[in-house]
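Peer 1: Input: one structure, supplied below.
The values are calculated or read from the model by the stated rules, or taken from the named source; none is laboratory data. Predicted model only: the values in this text are computed from it and were never measured. Note that we place each Cβ from the backbone using ideal geometry, even for glycine, and neighbour counts take in every protein chain shown. The accessibility values were calculated without ligands, DNA or RNA, using every heavy atom of the protein model including side chains. Shrake-Rupley method; radii C 1.70, N 1.55, O 1.52, S 1.80 Å.
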Amino acid sequence: HADDEWTVKQAAEIKEIRQECLKENPLGDEYIQKMKSFEYPDEEPVRKYLLCTAKKLGIFCVHEGYHVDRIAKQFKMDLDEAEVVAIAEGCVDKNEQGSPIDVYASRIQQCIDKTDIA
């Protein structure tokens, strides 16, 4: 994807993406309750859901992994975009250990959740 095609997703789009991913990756109520309080258990159904949302948000692709610049634009909140890039770069690896794609995506998500971005 060319960078100029990607745009920051608005709240309504994000909600729609989450609903689509829940349809594709159904989660039990216990997972949904945890995720509402920003707890993401490192279990396959949750990982697959998170991978789905990251791909549909356009911040992750299977070939390149996470797009740090897009994470910065999508999630910068009150931070300077450069700060977010630095934080995200601290979490994003190139999956040198060859983890399954959902495990890789989840590992990065878990790291970012522990930062000021989340």
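Peer 1: Give Lys36/Lys94; Lys15/Lys94; Lys34/Lys94; Lys9/Lys34 a once-over and call out the pairs whose C-alpha atoms are over 26 Å from each other.
Peer 2: Lys36/Lys94; Lys15/Lys94; Lys34/Lys94
Peer 1: Quick one: if you stick a label point 7 Å off each Cα along the C-beta vector at Val103 and Tyr40, how many nm between them?
Peer 2: Inter-label distance under the simple model: 1.7 nm.
Peer 1: Given an 8 Å cut-off on Cα distances and at least 6 residues of separation, report the relative contact order of segment 11-113 as a percent.
Peer 2: 26 percent
Peer 1: What size of dipole, in debye to the nearest 20, comes out for the chain about its Cα centre when the only charges are +1 on Lys and Arg C-beta atoms and -1 on Asp and Glu C-beta atoms?
Peer 2: Value, rounded to 20: 340 debye.
Peer 1: Here's a follow-up. Would you mind getting me the FRET efficiency between Val8 and Gln110? Use the beta-carbon distance for r and R0 = 30 Å, nearest 0.05.
Peer 2: 0.85
Peer 1: In the chain, which Cys residues have no partner Cys with a Cβ closer than 4.7 Å?
Peer 2: Cys61
Peer 1: Based on DSSP loop calls and a cut-off of at most 15 other Cβ atoms within 10 Å, the longest stretch of the chain free of exposed GluC sites (Glu not before Pro) is what?
Peer 2: The longest uninterrupted stretch comes out as 1-38.
Peer 1: Give the share of C-alpha pairs in each 5 angstrom bin for segment 11-113, from 0 to the last occupied bin, in whole percents, shortest bins first.
Peer 2: Answer for segment 11-113: a P(r) of 2, 13, 22, 25, 21, 12, 4, 0 percent.
Peer 1: With all protein chains present, calculate the accessible area of Asp29 using a 1.4 Å probe and round the result to the nearest 10 Å².
Peer 2: Estimated to the nearest 10 Å², Asp29 gives 110 Å².
Peer 1: Output ³J(HN,Hα) for segment 5-16: one whole-Hz value per residue in order, computed from phi by the Karplus curve 6.51 cos²θ - 1.76 cosθ + 1.60 with θ = phi - 60°, and x for Gly and Pro.
Peer 2: Working through the residues one at a time gives 7, 7, 10, 4, 8, 8, 3, 5, 5, 4, 4, 4 Hz.
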